[in-house]
Amino acid sequence: MDDAVRRALEISPGSTREDKLVDITTYGARTGEPRRIEIVFHRLDGRWYLTGTPGPRGWYANLRKNPRLVFHLKHGVVADIPASARPVTEDQERRQVLTPIVADINATRGGELDLGDWLARSPLVELTFNDPA
């Protein structure tokens, strides 16, 4: 993996929202057609995650059906990185991952998100980047 891409992926809780904003292309759960959306990614303990506000999400349904995606960096460094997603469904792992993510969102947005609701209803996947090199 290119050094500039690697650095762009090494975000932290202090990174700006723009640094964390990417596009992903998933493949439709029913149609198999590519679907591209904008989303914020997170990095904890050297691992990368996607999540969203509580409730059903099309991207999550797509990744549960087909875990393959393209991760599109678009701010500063522009790159299309093949990746795969693993849904995080085990309660303890979800708590370990979502607690600092929700705390970071609350700190940066000045809000009071309900951690319990996120634990119960938010989509959450861990990403693995497929290094083409």
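The values are calculated or read from the model by the stated rules, or taken from the named source; none is laboratory data. Source: prediction; values computed, not measured. When we count neighbours, we look across all protein chains shown, and the Cβ atoms used for this are built from the backbone with ideal geometry, even at glycine. Note: areas computed on protein heavy atoms with side chains; ligands, DNA, RNA excluded. Shrake-Rupley method; radii C 1.70, N 1.55, O 1.52, S 1.80 Å.
May I ask you to list the residues in the range 1-45 that are among the basic types (K, R) and more than 17 Å from P67 (Cβ to Cβ)? Hits for the range 1-45 are R6, R7, R17, K20, R43.
Every condition in (1) among the polar types (S, T, N, Q); (2) more than 23 Å from R94 (Cα to Cα); (3) at pLDDT below 95 is met by T25 except one, and the failing one is (3). Put simply, of G52, G111, G58 the only residue that is open to solvent by less than 70 Å² (accessible area, probe 1.4 Å), over 23 Å from L9 (Cβ atoms), among the small types (G, A, S) and under 14 Å from the mean Cα position of the chain (by Cα) is G58. Residues in the range 75-102 that are more than 13 Å from the chain's Cα centre (by Cα), modelled with pLDDT of 90 or more and open to solvent by 60 Å² or more (accessible area, probe 1.4 Å): V78, D80, T89, E90, D91, Q92, R95, Q96.
Filtering the range 115-127 to residues that are surrounded by fewer than 14 Cβ atoms within 10 Å (Cβ to Cβ) and either in contact with a Ser or Thr (Cβ under 8 Å, 6 or more places away or on another chain) or free of Cβ contacts under 8 Å to residues at least 12 places away in the same chain (or both) leaves only G116. Just one of (1) open to solvent by less than 70 Å² (accessible area, probe 1.4 Å); (2) at pLDDT below 95 fails for I39. It is (2). Among the conditions (1) under 18 Å from S15 (Cβ atoms); (2) more than 14 Å from the chain's Cα centre (by Cα), G46 misses just one, which is (2).
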